[in-house]
Amino acid sequence: MSMESKKPTLSINKLLLTNLLKFAGLSQQQCSLTLSHHHNSLVGYIYRYDKKIYPRSFSYFFLLSIYRALAKKHNAKEKISRFDLFYNMILEHGGVIEKILIPALEHHILSISSLNRGVKIGFGENIAKNNEDVFDKNEIEIIDKYISIIESEKYENYKISLRGYDCADNLSDNDKDEIGDKNLTEIKNFEIEINAIKNFYVICESLRKIFLPNFFSPSEYKKINFINDQESGFLIKKSAIRKNSKIKNFSNLFFFKANDDYMHPTISLGDDCLIERVTLNSREDLKNNKEFESGLFLVNELKGLCIRRLQFSEFKDTFQIISLPDNKEYTRQTFPAFDNDGNPRVLGKVIWKSGFTASKELSNLFNNTSNQEVDFEIPEFLRRNQNTNDEEIDYINQILNKKDLKLFEIDALVNKYRRTTYMKNINNHPSIRKILPDGLFEDDNKNNILKKKRA
């Protein structure tokens with residue numbers, strides 16, 4: 001690149017950064033103090049940087065510095081929110097989105113994606129690995145881990161300096177004297193930065209949804225696998241579950257594909273059931289826990305795992321399970337709640353199934369037509385089908401996830417793809433079940449669409 005071609009970019013970059021600093025009321029020196037490990041780089045980025053896009057890490061901390069300055073100036077009595085103030089700044093300064101914001105959001109996303117990679121508990125010599133899913137925790141814990149990624153070195157030193165206390169103000173007088181005034185000031189300054197990062201996390205999440213909408217954050221979505229098919233599962237939205245149920249620990253959720261017709265028509269062979277793991281350790285659990293009232297459960301019956309409608313009855317010194325079939329071709333069964341080895345037979349409670357919800361509160365869990373958000377994803381095993389390619393899968397997803405899906409569009413899909421092996425797997429898609437409650441096909445071979453449905 002010639003010097004002549006560099007000069008326009010140099011001028012644009014300089015003008016952009018200086019205008020942002022002026023808007024926030026920050027001097028170069030003030031900004032440098034809040035740029036983390038980039039504190040010596042600001043001058044170079046203003047006067048010598050000739051690339052079209054700034055590095056991700058620098059972009060993140062530069063915008064964080066701008067946000068901290070704007071937040072200090074923000075008047076709570078004003079009608080405009082801190083987010084709107086920051087968002088308007090982005091829109092008013094040309095080049096911010098492409099040059100700085102997108103790289104900053106990419107840094108934010110990469111940090112989120114790294115939270116479960118090498119997660120550690122403790123500091124110094126007491127570090128231990130933790131294999132738990134961070135995103136199954138509450139948001140406070142998620143953000144805390146997020147900060148430990150964003151400012152990894154500072155954060156570890158900060159935790160060590162606190163000596164078990166939750167903040168610098170709570171340190172004992174002896175600890176404060178031992179740490180010294182200079183180090184204590186640095187600790188308190190970092191606590192200010194921590195609070196800023198917590199708020200900036202929320203800002204970044206809001207901006208990410210606007211400018212990078214195709215990123216499915218693990219903080220918002222959970223991949224839940226099948227207990228009887230670990231290679232497949234669904235991506236579901238956590239907020240939908242939180243809104244419609246009391247479930248807080250997503251690690252207790254799994255899918256189970258119904259393996260018989262004992263519960264037909266409520267649950268048919270091949271239906272996908274969302275199960276919440278339950279804890280059954282003793283007879284007292286059955287007596288005192290309301291979740292063991294009659295309902296649909298995953299039970300380890302004499303023939304293996306299956307979905308059953310259960311009632312629990314105390315009998316002498318034990319509890320009996322009464323299995324009640326919805327399919328009138330079967331008879332009720334009775335067996336002990338615990339097997340000969342003392343293991344519980346009840347493993348989980350059904351909270352949702354394809355085409356049907358076990359509770360009215362969850363009726364819109366996967367099929368909410370009140371907004372444009374899609375909470376259902378064609379399972380991964382469809383992508384492994386040799387008869388399809390990514391383009392075809394994308395096309396099917398586009399059709400099935402339409403808000404106003406029509407019957408003729410379903411019919412067109414069947415006519416085009418009925419001979420492929422994956423067609424049976426979309427039989428229970430919520431959009432299809434909404435139009436065709438009984439599904440697409442009239443026989444177990446799933447190769448004949450009902451004529452009356454195509455009329």
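The values are calculated or read from the model by the stated rules, or taken from the named source; none is laboratory data. In this text the structure is predicted, and so the values were computed from the model without any measurement. Because the Cβ atoms are built from the backbone with ideal geometry, glycine has one as well, and the counts that use them run over all protein chains shown.
Looking only at residues that are without any contact (Cβ under 8 Å) to a residue 60 or more places away in the chain and of a type in the set (D, E) in the stretch 180-200, which one is nearest to S65 (Cα to Cα)?
The selected residue is E191.
Every residue, every condition in (1) touching a residue at least 40 places away in the same chain (Cβ under 8 Å); (2) over 19 Å from the mean Cα position of the chain (by Cα), yes or no:
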{"residue": "E156", "(1), (2)": "no, yes"}
{"residue": "N174", "(1), (2)": "no, yes"}
{"residue": "E178", "(1), (2)": "no, yes"}
{"residue": "C204", "(1), (2)": "yes, no"}
{"residue": "P213", "(1), (2)": "no, no"}
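Just to be sure, is K424 surrounded by fewer than 18 Cβ atoms within 10 Å (Cβ to Cβ), assigned to a helix (DSSP H, G or I), at pLDDT below 70 and in contact with a Phe, Trp or Tyr (Cβ under 8 Å, 6 or more places away or on another chain)?
On the way: surrounded by fewer than 18 Cβ atoms within 10 Å (Cβ to Cβ): yes; assigned to a helix (DSSP H, G or I): yes; at pLDDT below 70: yes; in contact with a Phe, Trp or Tyr (Cβ under 8 Å, 6 or more places away or on another chain): yes.
Yes; evaluated as a whole, the condition is true for this residue.
Tell me, please, whether a residue that is at pLDDT 75 or above and not in a strand (DSSP E or B) can be found in the stretch 280-299.
Scanning the stretch 280-299, I find no residue that is at pLDDT 75 or above and not in a strand (DSSP E or B), so the answer is no.
List every residue pair whose Cβ atoms sit under 6 Å apart, with the two residues 6 or more apart in sequence or on different chains, where the first one lies in the stretch 69-95 and is over 17 Å from I197 (Cα atoms) and the second, anywhere, is among the β-branched types (V, I, T) and buried (at least 17 other Cβ atoms within 10 Å of the Cβ).
Correct list of pairs: I90/V96.
Would you point out which residue out of F86, F23 is assigned to a helix (DSSP H, G or I), in the same structural domain as K154 (by TED's automatic domain parsing) and surrounded by 16 or more Cβ atoms within 10 Å (Cβ to Cβ)? Give the derivation first.
Details: F23 fails: surrounded by 16 or more Cβ atoms within 10 Å (Cβ to Cβ).
Only one candidate passes the filter, namely F86.
Select from the stretch 66-83 the residues that are assigned to a loop (DSSP other than H, G, I, E, B) and among the aliphatic types (A, V, I, L, M) and write down the one among them that is modelled with the highest pLDDT.
Of all residues in the stretch 66-83, those assigned to a loop (DSSP other than H, G, I, E, B) come to 74-81.
Next, from what is left, pick out any that are among the aliphatic types (A, V, I, L, M): 76, 80.
Values: A76: 67, I80: 81.
Top of the filtered list is I80.
If I ask for residues that are closer than 17 Å to S27 by Cα and more than 25 Å from the chain's Cα centre (by Cα), which ones from the stretch 64-110 would you list?
Hits for the stretch 64-110 are S65, I66, Y67, R68, A69, L70, A71, K72, K73.
Of the conditions (1) of a type outside the set (S, T, N, Q); (2) touching a residue at least 40 places away in the same chain (Cβ under 8 Å); (3) surrounded by fewer than 15 Cβ atoms within 10 Å (Cβ to Cβ); (4) not assigned by TED's automatic domain parsing to the domain that holds L35, I241 fails just one. Which one is it?
Going through (1) of a type outside the set (S, T, N, Q); (2) touching a residue at least 40 places away in the same chain (Cβ under 8 Å); (3) surrounded by fewer than 15 Cβ atoms within 10 Å (Cβ to Cβ); (4) not assigned by TED's automatic domain parsing to the domain that holds L35 one by one, I241 breaks only (3).
If T334 meets every condition in (1) modelled with pLDDT under 90; (2) of a type outside the set (F, W, Y); (3) under 26 Å from the mean Cα position of the chain (by Cα) apart from one, which number is that one?
Here T334 clears every test but (3).
Would you confirm whether or not the stretch 369-382 contains a residue that is modelled with pLDDT of 80 or more and in contact with a Leu (Cβ under 6 Å, 6 or more places away or on another chain)?
No, there is no match, as no residue in the stretch 369-382 is modelled with pLDDT of 80 or more and in contact with a Leu (Cβ under 6 Å, 6 or more places away or on another chain).
Return the total of residues in the stretch 134-153 being polar (S, T, N, Q) and under 14 Å from the mean Cα position of the chain (by Cα).
Keep residues of the stretch 134-153 that are polar (S, T, N, Q), which gives 138, 148, 152.
Okay, now just the ones that are also under 14 Å from the mean Cα position of the chain (by Cα), so 138.
Summing the residues that are polar (S, T, N, Q) and under 14 Å from the mean Cα position of the chain (by Cα) in the stretch 134-153 gives 1.
Any idea which of (1) modelled with pLDDT of 90 or more; (2) within 19 Å of A196 (Cβ to Cβ) is the one K52 doesn't satisfy?
Single failed check for K52: (2).
Looking at S363, S323, S313, which is the one that is among the small types (G, A, S), at pLDDT 70 or above and either under 21 Å from F255 (Cβ atoms) or in contact with a Lys or Arg (Cβ under 9 Å, 6 or more places away or on another chain) (or both)?
On the way: S363 fails: at pLDDT 70 or above; S313 fails: either under 21 Å from F255 (Cβ atoms) or in contact with a Lys or Arg (Cβ under 9 Å, 6 or more places away or on another chain) (or both).
Criteria check complete, one pass: S323.
So R48 fits all but one of (1) over 17 Å from I100 (Cα atoms); (2) charged (D, E, K, R); (3) touching a helix residue (DSSP H, G or I) at 6+ places or on another chain (Cβ under 8 Å); what number is the exception?
Every condition holds for R48 apart from (1).
Among (1) surrounded by fewer than 17 Cβ atoms within 10 Å (Cβ to Cβ); (2) in a helix (DSSP H, G or I), where does I46 come up short?
Condition (1) is where I46 drops out.
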